[in-house]
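Engineer: Would you mind keeping the following structure in view while I ask a few things?
Values quoted throughout were computed directly from the atomic coordinates according to the rules given, and no laboratory measurement underlies them. Not measured: the values here are computed from a predicted model. Because the Cβ atoms are built from the backbone with ideal geometry, glycine has one as well, and the counts that use them run over all protein chains shown.
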């Protein structure tokens, strides 16, 4: 299937989504890999993890029309070698997503709505946040909250953040797509972010550029 979303956002970032239908050999043949890349790939024992890792690199090259390399810091935050773009990555099941910007910090999260997330809500929802009582919407609402907090966590470099204590999503009514606001409050930040979200089949995507 390949590239299913490739669009520029209103604040001049680029969002791409790849649907993984290729074989391992198909993906390997689509990009140029160094010996270091092959060594990394060999360390993955789980085939879906290999496919995810490769699909990120294929998607990046499709979005930029360049042969770029990704590296990671100690917190597993991704960077483009040469710092030509800020990048955020997320994947779930058969989809891989990337958010890019040349001059803004970025954060993206993508999740497949699979399990009963309401059983885990107490771990990331605080008493300042609103979740609908409509049972048909509740699961969707919780997933948008979770993805929004993941995106906030990523844009803040994955450091010193507790999802329940340090992240608060302002009340919003969940739609098929829309905007919401989220606070990050910890020792390093007291900052409000504006996020966008949409659903794609049974997936939720939330992203930020700032």
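Engineer: In nm, give the distance between the simple-model label positions of residue 139 and residue 210, each being 7 Å from the Cα along the Cα-to-Cβ direction.
Structural biologist: Going from the residue 139 label point to the residue 210 one covers 3.1 nm.
Engineer: Moving on to the next point. What order, most packed first, do the peptides 87-96, 155-164 have when packing is the mean number of other Cβ atoms within 10 Å of each residue?
Structural biologist: 87-96, 155-164
Engineer: In percent, how large is the relative contact order of the range 120-179, given Cα pairs closer than 8 Å and 6 or more residues apart?
Structural biologist: Taking the mean separation of contacting Cα pairs over the length of the range 120-179, I get 48 percent.
Engineer: If you line up the long axis of helix 47-64 against the longest principal axis of the chain, both from Cα atoms, how many degrees apart are they, to the nearest 10?
Structural biologist: Between helix and principal axis, roughly 90 degrees.
Engineer: Over the range 148-210, what relative contact order in percent results from Cα pairs under 8 Å that are six or more residues apart?
Structural biologist: 29 percent.
Engineer: Indicate the gyration tensor shape class of the range 97-210 (rounded, prolate or oblate), computed on the Cα atoms with a ≥ b ≥ c the square roots of the eigenvalues: a/c under 1.5 is rounded; otherwise a/b larger than b/c is prolate and the rest oblate.
Structural biologist: It comes out oblate by the Cα gyration axes.
Engineer: Which angle from 0 to 90°, rounded to the nearest 10, does the C-alpha axis of helix 135-155 make with the longest principal axis of the chain?
Structural biologist: For 135-155 against the chain, the angle is about 60 degrees.
Engineer: Which of the peptides 45-51, 26-32 is most tightly packed, and how do the rest follow, judged by the mean count of other Cβ atoms within 10 Å per residue?
Structural biologist: For the peptides 45-51, 26-32, the packing ranking is 26-32, 45-51.
Engineer: How high is the relative contact order of the chain, in percent, counting Cα pairs under 8 Å that sit 6 or more residues apart?
Structural biologist: Result for the chain is 17 percent.
Engineer: Shifting gears a bit: When all alpha-carbon pairs of the range 1-67 are counted, what percent fall beyond 16 Å?
Structural biologist: Taking all Cα-Cα pairs of the range 1-67, the fraction more than 16 Å apart is 48 percent.
Engineer: Something else: Which value at 222 nm does the chain reach when only helices count, each DSSP H run of 4 or more adding -39,500 (n - 2.57), with the total divided by all residues and rounded to the nearest 500 deg cm²/dmol?
Structural biologist: The per-residue figure over the chain is -8500 deg cm²/dmol.
Engineer: Mind sorting out which of [x] 50, 36, 33; [y] 48, 31, 31; [z] 94, 26, 21 is the real Cα extents along the principal axes in Å computed from the coordinates?
Structural biologist: Working out Cα extents along the principal axes in Å from the coordinates points to [x].
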